[in-house]
């Protein structure tokens, strides 16, 4: 992966609130923000538990996250196109 592509990926994580940027001189350090990831995992765990209650076998589970929301998470934004 090129450095500009990596920077774009990191910018998406920062925009989504999943990472933080800290400038240090000429460098910028990114760190993951664990709280939103834990909230997302808890939400997915609840969703999977509900799915299992309906008796769906693990091999046939498919999740559609379109239109789903996680409490406290920032709203989804379209990904910027490079073209």
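Out of (1) surrounded by 12 or more Cβ atoms within 10 Å (Cβ to Cβ); (2) modelled with pLDDT of 85 or more, the odd one out for residue 73 is which?
Exception for residue 73: condition (2).
Condition test on residue 48, is it at pLDDT 75 or above, part of a helix (DSSP H, G or I) and either closer than 30 Å to residue 6 by Cβ or touching a helix residue (DSSP H, G or I) at 6+ places or on another chain (Cβ under 7 Å) (or both)?
Taking the combined requirement at face value, the residue does not satisfy it.
So that you can scan it fast, the table gives a plain yes or no per residue for (1) under 11 Å from the mean Cα position of the chain (by Cα); (2) at pLDDT below 75; (3) in the same structural domain as residue 4 (by TED's automatic domain parsing):
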| site | (1), (2), (3) |
| --- | --- |
| 18 | yes, no, yes |
| 42 | no, no, no |
| 59 | no, yes, no |
| 62 | no, yes, no |
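The values are calculated or read from the model by the stated rules, or taken from the named source; none is laboratory data. Owing to the predicted nature of the structure, the values given are computational and were not obtained by experimental measurement. Quick reminder, even Gly has a Cβ in these numbers, built from the backbone with ideal geometry, and neighbours come from all protein chains shown.
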